[in-house]
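Here's the structure, in structure tokens; my notes come after.
Since every read-out is calculated from the coordinates, none of them should be taken as a lab result. Nothing here was measured: the structure is a model prediction, and the numbers come from that model. Positions of Cβ are backbone-derived with ideal geometry, glycine not excepted, and every protein chain shown enters the neighbour counts.
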């Protein structure tokens, strides 16, 4: 089971990926931790871990709230290349990223930011998550540590800000690299089984087949 929750202020898709009857993994809790917790409790699910597809605030700002709410430890995992975007030293990194957006960016930073815990787990390509079959696919480009989480059994891939319905991730903030992003998409994602359901961090759901055939940005870039 995959449950999607959309949170403001930038319409981030937060996912609860069930790993057992009453347990799940939370992916990209980007804001409104109270709403996320209410949905989990309504489903009678407890998070066993929190996964981040990358380190941007609109994917991580509710982490602390979720961890504080549950008495049991809920470990936080991120790729090692984005781990510096967590913890006390990350404040300056995020302030700089949002400052580049002007006054609107500064207001958005104030709305999103809350103290971020350090990573408990630093992921690398090929890792599997807990007792699930979720596998880490390193897909740098949007950020150096961007990853996707792939479940072969459930035929599902959580793509973060790497690949969307009819779009791809941006590369104009931080250390983004468009050439690297396109390489990640074509070599690591479009090679997955075509029936794989695509769960992006923003916007509608899709499938690998649909994006491999019809993604207009990839077509414009000449990779389709």
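So between residue 11 and residue 178, what do we pick up on full extension, going 0.36 nm a residue minus the alpha carbon distance?
Working: separation 167, 0.36 × 167 = 60.12 nm, distance 2.31 nm.
Length difference between fully extended and current span is 57.8 nm.
Can you work out the FRET efficiency for the pair residue 166 and residue 71, with r the C-beta to C-beta distance and R0 = 45 Å, to the nearest 0.05?
For residue 166 and residue 71, the calculated efficiency is 0.60.
Which order do the peptides 150-159, 124-133 take when ranked by the mean count of other beta-carbon atoms within 10 Å per residue, highest first? Please list the in-between numbers first.
Details: 150-159: 19.2, 124-133: 14.0.
So the peptides 150-159, 124-133, ranked by packing, come out 150-159, 124-133.
Cα atoms only, the range 102-224: Rg and Dmax in Å?
Over the range 102-224's Cα set, Rg and Dmax evaluate to 15.3, 45 Å.
Express the relative contact order of the range 49-127 as a whole percentage, based on alpha carbon pairs under 8 Å and six or more residues apart in sequence.
Values: 104 pairs, mean separation 31.7, N = 79.
The normalised contact order for the range 49-127 reaches 40 percent.
If you average the sequence gap of Cα pairs under 8 Å that are 6 or more apart and divide by the length of the chain, what percent do you get for the contact order?
Working: 475 pairs, mean separation 33.3, N = 224.
After rounding, I find 15 percent.
Can you tell me, using C-alpha contacts under 8 Å and at least 6 residues apart, the relative contact order of the range 108-224 as a whole percent?
Values: 202 pairs, mean separation 24.4, N = 117.
Normalised by residue count, the contact order of the range 108-224 is 21 percent.
Tally the DSSP beta bridges in the range 2-220 and give the antiparallel ones as a percent, rounded to 5.
Values: 25 of 39 bridges.
Around 65 percent of the beta bridges assigned by DSSP in the range 2-220 are antiparallel ones.
Could you state the principal axis extents of the C-alpha atoms in the range 92-134, from the largest down, to the nearest angstrom?
So the extents along the principal axes, rounded to whole Å, are 44, 19, 16.
Mean projection of the alpha-carbon convex hull of the chain over all orientations, in nm²?
Values: hull surface 44.5 nm².
Average of the hull's projected areas for the chain equals 11.1 nm².
Using packing as a proxy for protection, rank 7-14, 60-67 so that the peptide with the highest average count of other Cβ atoms within 10 Å comes first.
Result, highest mean first: 60-67, 7-14.
For the chain, what does the helix formula give at 222 nm: sum of -39500 (n - 2.57) over DSSP H segments with n ≥ 4, over the residue count, nearest 500 deg cm²/dmol?
Working: 7 runs with 55 residues, N = 224.
Calculated mean residue ellipticity at 222 nm is -6500 deg cm²/dmol.
By how many nm would the segment from residue 21 to residue 205 lengthen if fully extended, with 0.36 nm per residue of separation less the alpha-carbon distance?
Numbers: separation 184, 0.36 × 184 = 66.24 nm, distance 2.42 nm.
63.8 nm is the gain from fully extending residue 21 to residue 205.
What is the distance in Å between the Cα centres of the range 65-95 and the range 198-224?
Value for the Cα centre distance between the two parts: 29 Å.
If R0 is 41 Å, what FRET efficiency do you get for residue 34 and residue 219 from their C-beta distance, rounded to 0.05?
Working: r = 41 Å, r/R0 = 1.00.
After rounding, the FRET efficiency stands at 0.50.
Would you please put 189-197, 21-29 in order of how densely packed they are, using the mean number of other Cβ atoms within 10 angstrom per residue and starting with the highest? Present the calculation step by step, with values, prior to reporting the outcome.
Details: 189-197: 15.4, 21-29: 21.2.
Top of the packing list down: 21-29, 189-197.
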